[in-house]
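The values are calculated or read from the model by the stated rules, or taken from the named source; none is laboratory data. Predicted model, so just to flag it, every value in this text is computed and none were measured. Counting neighbours? That spans all protein chains shown, and the Cβs are built from the backbone with ideal geometry, glycine included. Surface accessibility is based on the protein's heavy atoms, side chains included, excluding ligands, DNA and RNA. Shrake-Rupley method; radii C 1.70, N 1.55, O 1.52, S 1.80 Å.
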Amino acid sequence: VQLQASGGGSVQAGGSLRLSCVASGDIFSIDDMAWYRQAPGKERELVALATSGGTRRYADFVKGRFTISRDNARNTVYLQMNSLKPEDTAVYYCYAEDRWGDDYWGQGTLVTVSS
């Protein structure tokens, strides 16, 4: 499985961005997909998760502002980010787990939010 993320950029506080991640390869083996982020000097953390069964989970710090969605026909997972804050500044990574528990990561896309 290969993951290609896009959609990062620079935005002012209160603005919006939408990240996209396209999966290729053995896409039928994919179960969960998610977005993680890593800010400078911090550990990578889970932002949002979308399971193959339709469950959606969010980190507390993005609830009500971010929405994760999956388009299985396009093999794509999205992260709609609204009401962005400077503390959302990070490199955002797309993640997938297959049915055998193997992990896959995209290359990361930088989101910068200025105050």
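Charging the Cβ of each Asp and Glu at -1 and of each Lys and Arg at +1, and nothing else, the dipole of the chain about its Cα centre rounds to 460 debye. Within the accessible surface of the stretch 14-94, defined with a 1.4 Å probe on protein heavy atoms only, the carbon and sulfur portion equals 46 percent.
Where does the Debye-calculated log10 I(q)/I(0) of the stretch 4-67 sit at q = 0.18 Å⁻¹, using only Cα point scatterers of equal weight, no solvent? Cα-only, vacuum Debye calculation for the stretch 4-67: -0.84. Averaging 1/r over each pair of different alpha-carbon atoms in the chain and inverting the result gives 14.0 Å, the Kirkwood hydrodynamic radius. Take the chain with all the other protein chains still there, run a 1.4 Å probe, and you get 53 Å² of accessible area per residue. Centroid-to-centroid, using Cα positions, the stretch 11-48 and the stretch 98-115 are 4 Å apart. GNM remark for the chain: springs join alpha carbons under 10 Å apart, and the peak mean-square fluctuation among GLY15, GLY53, GLY101 falls on GLY53. With the gyration tensor restricted to C-alpha atoms of the stretch 56-115, the semi-axes of the equivalent ellipsoid amount to 23, 14, 11 Å, longest first. For the stretch 57-115, trypsin sites (Lys or Arg not before Pro) meeting the loop criterion (DSSP other than H, G, I, E, B) and having at most 16 other Cβ atoms within 10 Å: LYS63, ARG65, ARG99.
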